[in-house]
1. Among the residues of region 76-99, write down those that are on the phi > 0 side of the Ramachandran plot and surrounded by fewer than 14 Cβ atoms within 10 Å (Cβ to Cβ).
2. Hey, which of the helices (runs of 4 or more DSSP H) in region 253-341, taking only ones fully inside, have at least 3 residues that are in contact with a helix residue (DSSP H, G or I) (Cβ under 8 Å, 6 or more places away or on another chain) and at pLDDT below 75?
3. Is it the case that some residue within region 143-158 is of a type outside the set (Gly, Ala, Ser) and under 20 Å from residue 87 (Cα atoms)?
4. Select from region 106-126 the residues that are in contact with a Phe, Trp or Tyr (Cβ under 8 Å, 6 or more places away or on another chain) and surrounded by fewer than 20 Cβ atoms within 10 Å (Cβ to Cβ) and write down the one among them that is farthest from residue 186 (Cα to Cα).
5. Filtering region 127-143 down to residues that are open to solvent by less than 30 Å² (accessible area, probe 1.4 Å) and modelled with pLDDT under 90, which residue is farthest from residue 207 (Cα to Cα)?
6. With the checklist (1) small (Gly, Ala, Ser); (2) open to solvent by less than 30 Å² (accessible area, probe 1.4 Å); (3) within 20 Å of residue 232 (Cβ to Cβ); (4) not in a loop (DSSP other than H, G, I, E, B) in hand, flag the one item residue 102 doesn't pass.
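The values are calculated or read from the model by the stated rules, or taken from the named source; none is laboratory data. Predicted, not measured: the structure shown is a model, and the values here were computed from it. Reconstructed Cβ throughout: ideal geometry from the backbone, glycine too, with neighbour counts over all protein chains shown. Ligands, DNA and RNA are stripped out before the accessible areas are found, and what is left, the full protein with its side chains, is counted by its heavy atoms. Shrake-Rupley method; radii C 1.70, N 1.55, O 1.52, S 1.80 Å.
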Amino acid sequence: MAGSGDRRFVLGMLGVMLVVIVAFSVFAPANDDTDRSATTYNSGSAGTKAVYLLLGELGYGAHRWEASPDDLKNVDAAKTTLVLAEPNFPTEGSKQVQAEVADFLSRGGHVLATGKEGAYFLPGGKTDAASGFYQRLCFSTPEGQGPLARVGKVSLAANVRWAALGPEFRVSQMCGNNAVVVSYHYGAGEAIWWSSPLPMTNRGLKEDASLKLVLASVGGPDRSVLFDEYFHGERASLWDTAKGLPLRQIAWQCAVVALLLVLSFGRRNGPLRLPVRLPRSSPLEFAESMGRLYGKAGATQAAVDGARRRLLKFLEEECGVPREVLRSTPQAIAEASRRDLAGDGACLESTSRRLRRRSITL
């Protein structure tokens, strides 16, 4: 009975856990893709986590740059590419930031900047609204024979264009009359600008031309690639690793599982009691049943002798009646009991006489 109950309890617990897991899986809301920041922490369509991981697998030294731009002076610029994917240009200290980026370029560094605000980080960078028919997205037209043009047509947002003029600026991709991919040399380094970070995002990287544009912009695999997170306001923390996870649903499931474990533990560690069994008969009925059983088997002498021996043993050990008296007549036993116990020995005399007579008769 107990084993069957335990099995039913365990199966019930497993069934409840299965129902809870299925319910959370069915009714849990899908992860929304509302984060539009082009950071390496964002695994959504607008994030750059895929290109960050991909470059690491291709042999590049891909790292997240979360330090102040003042620390760029400690970087080996000739072997480093800094990626500014749609950064937030600071409202204070902007001149200092531009000077630090310019110093990094002059020492041989490469900088890949995207978007309107990304152009502000580049020395001489200037943008304007796209001219002509406004296009949300376009397939660019390659210009010239440079490495950024040989990648082919690239999907780019064309709501902003490069507006700085001069022979030093080399336009490699156009959307209509709008320059959307531009490169130029500054000191010993090179600056590259895209109109949007789309080719390096998780959504755009699946296109072959986008991947080629990324590799042509960051340089060879002997270079370290620093993905800026400082100007995105991103800081590495435990919470960053949990972004995108259904934390609320996980918390509910853990709470339900913990409750089930507490119930199971408490049940198995409570006081153990044997199941209550009601007696099938009263003591008197049991004695009568045993007497009939002895009579039917013809073994009444053994029962009477056993009762007589127990009585005599009790009188000798507990009442102190001498053994010689117990071997004599019932009158002597009753007299000794009356003297030692200060009680009426008539009942004892009658019982002893009946037991002796019964024993002799049988």
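1. Hit for region 76-99 is 93, nothing else.
2. 300-317, 330-341
3. Taking every residue of region 143-158 in turn, at least one turns out to be of a type outside the set (Gly, Ala, Ser) and under 20 Å from residue 87 (Cα atoms).
4. Filtering region 106-126 for residues that are in contact with a Phe, Trp or Tyr (Cβ under 8 Å, 6 or more places away or on another chain) and surrounded by fewer than 20 Cβ atoms within 10 Å (Cβ to Cβ), the one farthest from residue 186 (Cα to Cα) comes out as 117.
5. 130
6. (3)
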